[in-house]
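Engineer: Just passing along the structure, written as structure tokens.
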């Protein structure tokens, strides 16, 4: 990959563009319903069927699982090896790269319709949402398609904070953690990714910008729900397992209570990402204000 990059744009991220967000949520809204009311054995059967699980099949490696996730769409794909100008997630949390990313997103938003004077907290929220969505999408896609969650420390996650979304990202040394069902996936996600990577990023954004932790936690659960929804849209057989995984996240772990199901079964977060503060942006499909 060369050093030249196209200008930062937000159009291709379903978590940052209002039109694409509404489209993403509308595509599988009816089928991406809560797993409540279905027995645990039925949910587990759907999980096994979606991954064509066979007791005689060797557990996939993290690399194989990530390759399978790439078939779900560009947000679920990862690069091979990090290149010049890439940073680790650990470095991102430490400050400098994070601040530059917020500045870049703020400039891109200010160049949008109406040339708005963008509040720093709006830019920080959307930058945070995009980063978390970029991180969890290939991880959840890998778990849903292959039955293993790729795991790496923050220092083993590399991304390039420039150019068009989705940002280039790679996990060259990731290891595979088997997840037998939705509960195991949610627990592993919480233990291996939310606690060591996502929550520290949220804390760093809060300290540097004054953004509310309720907004940041809402961004995190929205990113998880969006990643699961995109997987279900790409592969209909993943609808049941994805819905079950989301229900586990909503009731257990670091993000418990940050979102819920509407009466129609669709997901809604309990906070707003602040997108509505941009001219003509409206609200997102999972927004509490919608």
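The values are calculated or read from the model by the stated rules, or taken from the named source; none is laboratory data. Predicted, not measured: the structure shown is a model, and the values here were computed from it. We place every Cβ from the backbone using ideal geometry, glycine too, and count neighbours over all the protein chains shown.
Engineer: In contact with a strand residue (DSSP E or B) (Cβ under 8 Å, 6 or more places away or on another chain) and either crowded, with 24+ Cβ neighbours inside 10 Å or closer than 24 Å to residue 139 by Cβ (or both): is that true of residue 235 in this structure? Reasoning before the result, please.
Structural biologist: On the way: in contact with a strand residue (DSSP E or B) (Cβ under 8 Å, 6 or more places away or on another chain): no; either crowded, with 24+ Cβ neighbours inside 10 Å or closer than 24 Å to residue 139 by Cβ (or both): yes.
When the stated conditions are applied, residue 235 does not pass them.
Engineer: Turning to a different aspect of this structure: Taking the options 172, 166, 97, name whichever one is in contact with a helix residue (DSSP H, G or I) (Cβ under 8 Å, 6 or more places away or on another chain) and closer than 28 Å to residue 248 by Cα.
Structural biologist: Numbers: 172 fails: closer than 28 Å to residue 248 by Cα; 97 fails: closer than 28 Å to residue 248 by Cα.
Matching residue, one of 172, 166, 97: 166.
Engineer: Now for a separate question. So, residue 177, is that one free of Cβ contacts under 8 Å to residues at least 60 places away in the same chain, under 23 Å from residue 251 (Cα atoms) and not in a helix (DSSP H, G or I) or not?
Structural biologist: On the way: free of Cβ contacts under 8 Å to residues at least 60 places away in the same chain: yes; under 23 Å from residue 251 (Cα atoms): yes; not in a helix (DSSP H, G or I): yes.
Here the answer is yes, as residue 177 does meet what is asked.
Engineer: Has region 139-154 got at least one residue that is touching a strand residue (DSSP E or B) at 6+ places or on another chain (Cβ under 7 Å), within 23 Å of residue 286 (Cβ to Cβ), surrounded by fewer than 24 Cβ atoms within 10 Å (Cβ to Cβ) and touching a residue at least 40 places away in the same chain (Cβ under 8 Å)?
Structural biologist: no
Engineer: For region 117-160, how many residues meet the condition of being within 30 Å of residue 210 (Cβ to Cβ), part of a loop (DSSP other than H, G, I, E, B) and more than 16 Å from the chain's Cα centre (by Cα)?
Structural biologist: Looking only at that region, the number is 5.
Engineer: All but one of (1) part of a loop (DSSP other than H, G, I, E, B); (2) crowded, with 20+ Cβ neighbours inside 10 Å; (3) touching a strand residue (DSSP E or B) at 6+ places or on another chain (Cβ under 8 Å) hold for residue 246; state the number of the condition that does not hold.
Structural biologist: (1)
Engineer: Among the residues of region 91-112, are any in a loop (DSSP other than H, G, I, E, B), modelled with pLDDT of 95 or more and either under 17 Å from the mean Cα position of the chain (by Cα) or surrounded by fewer than 19 Cβ atoms within 10 Å (Cβ to Cβ) (or both)?
Structural biologist: Of all residues in region 91-112, those in a loop (DSSP other than H, G, I, E, B) come to 95, 111-112.
Still in the list and also modelled with pLDDT of 95 or more: none.
Taking every residue of region 91-112 in turn, none turns out to be in a loop (DSSP other than H, G, I, E, B), modelled with pLDDT of 95 or more and either under 17 Å from the mean Cα position of the chain (by Cα) or surrounded by fewer than 19 Cβ atoms within 10 Å (Cβ to Cβ) (or both).
Engineer: Hey, another quick one. If residue 89 passes every condition in (1) free of Cβ contacts under 8 Å to residues at least 24 places away in the same chain; (2) within 16 Å of residue 134 (Cβ to Cβ) but one, which one does it miss?
Structural biologist: The failed condition is (1).
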